[in-house]
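> Dropping the structure in here first, questions after.
The values are calculated or read from the model by the stated rules, or taken from the named source; none is laboratory data. Keep in mind that what you see is a predicted model, and the values were worked out from it rather than measured. Note that each Cβ is placed from the backbone with ideal geometry, even for glycine, and that neighbours are counted across all protein chains shown.
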Amino acid sequence: MSDVKINESSQVEDNAEEKEEEKDWAAAKAFFEHLKTNKPRPPKPGFAVTIAVSSRTLFNMVAERLIYEKEGVENYVAYQVEHENEPLKPGPAFPFVKALMTVNARLRELYPDSEELFDIVLMTNNHAQVGVRLINSINHYDLTIERFCMTGGKSPIGYLKAYMTNLYLSKNAEKVTEAIDEGIAAATMFMPETENELCDNQLRVAFDGDAVLFSDESEIIVKQSGLDSFFEHEKKFENKPLAQGPLKCFLEALGKLQRKFYTKNERLDCPIRTFLVTARSAASSGARVLKTLRSWGLEVDEALFLAGAPKGPLLQKIKPHIYFDDQMFHIEGAKELGTISAHVPYGIGQKYHRGKLIEQPKKE
């Protein structure tokens, strides 16, 4: 009987200790959350739209990459440490990140206490010693990037879900494919061959349709059976929504932030503008696309149906901060004319180049 009383007493003491620990944790958390600073703090991940960028997409590290490839990791790290007070030059994702910060500034004006903002995470397999140069470069350009993930040569993909990533941008196509396989919106970024002057008060994002916002089901019919079969298929299933593609969730996240401006009667002055730029023909196959977006409760600001015409000249007029497409020949045409482009390695289009089937390696 005495043993029972001792056990009950011990359990009461344990419960009391747990409650005290919970109080201490709640107090520490409240203290941190109420700390005041003039520098904008990153929003809580559960509310934010999290954009993870690699160091080679944020900054131009072509010269440094050559050192790594030719001389090895030790000389690469030594070089970065030696030059850590020299800011790195902007890379392909730099204008996009600056535009995200512009949107955040507007959101903070309208919703001072809101956590629904863009959160930018530097996601890199760099060694931690390289971090000082990255931090110095970020501070040099006054970028608001507080969350880092530096994995010391290991792939950072396993951390993307833990950071609640909505979009991952990298220069490494294999990592991007790995991220897409994990169900995360991702793309491989390319530096344009010429520079276009970009809008400094509005984030502009352009998407291809099939195999980007939508699945590649219609793309498969085009590749395997031709355009006539594709037109017949799209007409037959006009009222059946397309399945979602790898970047549908990112358009959804953009739409969530856009609606915050619409609520404040800021639709015409919204600092986010989205574009659908598709090779589809409007009359022959456009209705299904628009009805699919409607069924998802999503919209784009501009829908441009090109009926097979080159996308590069039109994108040159739009001047997006980033353009997503699943086919490299569209990426090549866009970056030749100054568009910052991002390749989405998804769907049947990866087996073709300029309409021709790429010979696949034979299985042994």
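> Restricting the search to the stretch 48-95, which residues are touching a residue at least 12 places away in the same chain (Cβ under 8 Å), surrounded by fewer than 17 Cβ atoms within 10 Å (Cβ to Cβ) and polar (S, T, N, Q)?
60, 85 - these are the residues of the stretch 48-95 that are touching a residue at least 12 places away in the same chain (Cβ under 8 Å), surrounded by fewer than 17 Cβ atoms within 10 Å (Cβ to Cβ) and polar (S, T, N, Q).
> Provide a single number: the residues in the stretch 183-209 that are at pLDDT 95 or above and of a type in the set (D, E, K, R).
Number of matching residues: 2.
> For the stretch 260-280, indicate whether the set of residues that are modelled with pLDDT of 95 or more, assigned to a helix (DSSP H, G or I) and surrounded by 14 or more Cβ atoms within 10 Å (Cβ to Cβ) is non-empty.
yes
Quick grid of which residues meet (1) in contact with a Lys or Arg (Cβ under 8 Å, 6 or more places away or on another chain); (2) of a type in the set (Ser, Thr, Tyr):
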site	(1), (2)
202	yes, no
226	no, no
238	yes, no
255	no, no
262	no, yes
265	no, no
283	no, no
311	no, no
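> For residue 197, all conditions in the list (1) more than 18 Å from residue 326 (Cβ to Cβ); (2) free of Cβ contacts under 8 Å to residues at least 40 places away in the same chain; (3) out of contact with any strand residue (DSSP E or B) (no Cβ under 9 Å at 6 or more places or on another chain) hold save one; what is the number of the exception?
Condition (2) is where residue 197 drops out.
> Could you give every pair whose Cβ atoms fall below 8 Å, whose first residue belongs to the stretch 290-304 and is at negative phi, and whose second residue is assigned to a strand (DSSP E or B) and of a type in the set (Phe, Trp, Tyr), counting only separations of at least 6 or pairs across chains?
Pairs found: 292/214; 300/207; 300/275; 301/275; 302/275; 303/275; 304/275.
> Shifting gears a bit: So which of 130, 121, 81, 97 ends up being β-branched (Val, Ile, Thr), at pLDDT 95 or above and assigned to a helix (DSSP H, G or I)?
97 is the lone residue from the list that is β-branched (Val, Ile, Thr), at pLDDT 95 or above and assigned to a helix (DSSP H, G or I).
> Which condition number does residue 39 fail, the rest of (1) modelled with pLDDT of 95 or more; (2) surrounded by fewer than 22 Cβ atoms within 10 Å (Cβ to Cβ) being met?
(1)
> Mind checking which residues of the stretch 144-199 are in contact with a Lys or Arg (Cβ under 6 Å, 6 or more places away or on another chain) and acidic (Asp, Glu)?
Answer for the stretch 144-199, where residues must be in contact with a Lys or Arg (Cβ under 6 Å, 6 or more places away or on another chain) and acidic (Asp, Glu): just 193.
> I would also like to ask the following. Restricting to the stretch 180-217, count the residues that are of a type in the set (Asp, Glu), under 20 Å from residue 252 (Cα atoms) and in the same structural domain as residue 299 (by TED's automatic domain parsing).
3
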